[in-house]
Amino acid sequence: MNTCIIGIGSNIDAEKNIPQAIRILTHDVHVLQTSSMLSTKPIGFTDQHDFTNGAVKIETKWSLKELNKYLKKVEDQLGRDRSQIKFGPRTIDLDIMVWNDEIVDQDYYTRDFLRQSAAELGFHAKNQEH
């Protein structure tokens, strides 16, 4: 089994889309724990609503590649518009942050809310430098 922390975020109907994404995940992977959700300012393109961000810790038999493909399908199912500008508004964003205790998303190092959510789920990087 692989243990993974997935960052989850939304700034379009977050109060509906985040719980829906978690419900979908529970049908296909074993959700172990969900972090608190935090309100965060947009990064990059700032002329948009604030985001709600958090993380879920899961177990899965899928490989990293298989899980990533699955998460893109969940985003699509929840109406993610990939034609939007990078860092633009989104119904849902699901990114693998930690895979078997290894940081795989470099944003972990630059975004406090990612480190905070991962720590809440019991992950503490051995070395915070990248």
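Coordinate-derived values only; no laboratory data. Not measured: the values here are computed from a predicted model. So basically every Cβ, Gly included, is an ideal-geometry build from the backbone, and we count neighbours across all protein chains shown.
At 222 nm, what helix-only mean residue ellipticity would the chain give, in deg cm²/dmol to the nearest 500, using -39500 (n - 2.57) for each DSSP H run of four or more?
Values: 3 runs with 38 residues, N = 130.
Taking each H run of at least 4 residues, the total per residue is -9000 deg cm²/dmol.
Could you compute the FRET efficiency for ARG23 and LYS126, with r as their C-beta to C-beta distance and R0 at 25 Å, rounded to 0.05?
On the way: r = 33 Å, r/R0 = 1.33.
Step by step, r from the Cβ atoms, then E = 0.15.
Per residue, the average separation of C-alpha pairs within less than 8 Å and at least 6 apart gives the chain a relative contact order of 36 percent.
For MET1 and ILE43, FRET efficiency with R0 = 35 Å and r from the beta-carbon atoms, rounded to 0.05? Please report the intermediate quantities before stating the final value.
On the way: r = 33 Å, r/R0 = 0.93.
Plugging the Cβ-Cβ distance into 1/(1 + (r/R0)^6) gives 0.60.
Beyond 11 Å, the tail of the calculated P(r) for the stretch 90-130 holds 65 percent of the Cα pairs. For HIS27, the shell of other residues with beta-carbons less than 15 Å away shows a net charge of +1, using +1 for Lys and Arg and -1 for Asp and Glu. Extent along the principal axes, Cα only, for the chain: 38, 33, 24 Å, with the longest axis given first. Using a simple spin-label model with pseudo-atoms 7 Å out from Cα toward Cβ, PHE87 and ASP101 lie 3.4 nm apart.
I need LYS65, LYS16 ordered by Cβ neighbour count within 10 Å, fewest first. Working shown, then result.
Details: LYS65 8, LYS16 12.
Fewest-to-most ranking of LYS65, LYS16: LYS65, LYS16.
3J(HN,Hα) along the stretch 55-65: 7, 10, 9, 10, 10, 8, 8, 5, 6, 4, 5 Hz, from the Karplus curve 6.51 cos²θ - 1.76 cosθ + 1.60 with θ = phi - 60°, whole Hz, x for Gly and Pro. Work through the residues other than VAL104 whose Cβ is under 13 Å from its Cβ and net out their charges, Lys, Arg +1 and Asp, Glu -1. With Lys, Arg at +1 and Asp, Glu at -1, the net is -4. Of the residues SER35, SER83, SER117, the one that moves most in a GNM of the chain with alpha-carbon contacts below 10 Å is SER83.
Going by neighbour counts of Cβ atoms within 10 Å, the residues HIS49, HIS27 line up, fewest first, as HIS27, HIS49.
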